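Okay, so here's the structure we're looking at.
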Amino acid sequence: MSLKNGFVIVSSAVLLIAAVWSTSVPAAGNAIQGLLMMGEVSAANTFNLNLKKPKNPNAPPWEDGIHDTTNEATFNLQPPLEAYEGLPRTSFGNHVDWVKALDEGLIKPRWDLLDSNAEPFVMDLDIVRPVKASVPDVVFPHRQHTEWLLCSNCHPAIFIPQKGANQINMSAILLGQKCGVCHGKVAFPIETKTCKKCHSKPKPADWQPPLSEATLKNPWK
Amino acid sequence: MALKIKHRGAWKPFVLGAFAVLLFAGVAQPSKAEYGDVVINNYSDAAGMRPAVFPHWFHRIRFRCKVCHADLGFKFKAGGNQITMAKIIDGKFCGACHNGEVAWSVENCAMCHSGIPGTPTHFHGSTLQRLVAPAYKPLPAKKTADNK
């Protein structure tokens, strides 16, 4: 048998396995389709060069890429979807609306380690933070936060408890500071679908974005 | 696509394809970990244990953040609490609950130590991790200084 034939046999076998695999795993099917397309378009010009879409949200522990599948106990862990059954869904983060789930009593997380009847001290105080950009102003609701957290989780380490006393901007948040200590980690993430959860107070109808200095002083105007 | 190069040997695209398939299967896929899962591996690997995996989603169904992050003193920092088994069996950190009273106890090593060996301490699914480019840093000028 020539070397050439050997190659054909081996590679056909690999492709066959891949084909079988791709029919059972949809994500792999896409990968292979993408591969075939790469034969036509150079890899540098694939359609979504930078788009990262989370595949298979809420994967069970044994398929999530961080748990060791040679560890038997991995298979005793609960798959998230089993726990989320009946909870209100969203399309980001855990894909669960935790605020709604709590408000509707669908989950009853303890406020105290041992006492399952202890109740949080909920403070209903909204702080409005006007934003210079065209996006709606930010409303920070104490209510939803004090359902989960103690004042001392935020004050004074993350925020000075005084309206407007803290400098906050999106870059800091995206880097994991200020609101980003929790949002983007455990509380809902920062992405297009969630902007309006924080930016929830619409601007007045006659609002115009301020012009930048470079435009005001533009000598060619 | 195979047609073009057929006259030069039909095996070529197959070999290429086979290589590419192997490549795809082998290359680390972006992790599909549940949002908020923490791998903790300051010491585990060095002691020959799998890294510990802490699932936020599972625990927040049972406890408010306050219980761990205020009462039990977990800092908001993955890997930042220097958790050890000595502290756990003294009833600190995970050991405040995994003591056979509040939750199953500490002899179930493999329930916590379930991470893939060699993987570093990491907070999974974070927005920062999903950014295509580093977050934009605004000019330090007056513009952003005044927030009122």
Could you check the stretch B:44-119 for helices (runs of 4 or more DSSP H) lying wholly inside it with 1 or more residues that are farther than 17 Å from A:Gln78 by Cα and of a type outside the set (Ser, Thr, Tyr)? B:85-89
Kindly evaluate A:Leu175 against the criterion of being open to solvent by 40 Å² or more (accessible area, probe 1.4 Å) and within 7 Å of chain B (Cβ to nearest Cβ). yes
Check the stretch A:58-73 and report whether any residue there is open to solvent by 40 Å² or more (accessible area, probe 1.4 Å), under 28 Å from A:Ile107 (Cα atoms), facing another protein chain (nearest Cβ under 7 Å) and part of a loop (DSSP other than H, G, I, E, B). yes
Looking only at residues that are more than 16 Å from B:Cys68 (Cβ to Cβ) and acidic (Asp, Glu) in the stretch A:81-118, which one is least open to solvent (accessible area, probe 1.4 Å)? A:Asp97
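From A:Ile168, A:Ile190, A:Ile173, grab the single residue that is touching a strand residue (DSSP E or B) at 6+ places or on another chain (Cβ under 8 Å) and not in a loop (DSSP other than H, G, I, E, B). Explain how you work it out, then say what you get.
On the way: A:Ile168 fails: not in a loop (DSSP other than H, G, I, E, B); A:Ile190 fails: not in a loop (DSSP other than H, G, I, E, B).
Going through A:Ile168, A:Ile190, A:Ile173 in turn, just one is touching a strand residue (DSSP E or B) at 6+ places or on another chain (Cβ under 8 Å) and not in a loop (DSSP other than H, G, I, E, B): A:Ile173.
Answer with yes or no whether A:Val96 is more than 7 Å from chain B (Cβ to nearest Cβ), touching a Cys at 6+ places or on another chain (Cβ under 8 Å) and of a type in the set (A, V, I, L, M).
Values: more than 7 Å from chain B (Cβ to nearest Cβ): yes; touching a Cys at 6+ places or on another chain (Cβ under 8 Å): no; of a type in the set (A, V, I, L, M): yes.
When the stated conditions are applied, A:Val96 does not pass them.
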If I ask for residues that are in contact (Cβ under 8 Å) with a residue 12 or more places away in the chain and assigned to a loop (DSSP other than H, G, I, E, B), which ones from the stretch A:125-149 would you list? A:Leu125, A:Val131, A:Lys132, A:Ala133, A:Ser134, A:Val135, A:Pro136
Extreme residue, modelled with the highest pLDDT, among residues of the stretch B:106-139 that are surrounded by 14 or more Cβ atoms within 10 Å (Cβ to Cβ), over 12 Å from B:Val38 (Cα atoms) and of a type in the set (Gly, Ala, Ser): B:Ala110
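The values are calculated or read from the model by the stated rules, or taken from the named source; none is laboratory data. Keep in mind the model is a prediction, meaning the values are calculated, not measured. All Cβ positions, glycine included, derive from the backbone under ideal geometry; neighbour counts span all protein chains shown. Accessible surface areas use protein heavy atoms only, side chains included; no ligands, DNA or RNA. Shrake-Rupley method; radii C 1.70, N 1.55, O 1.52, S 1.80 Å.
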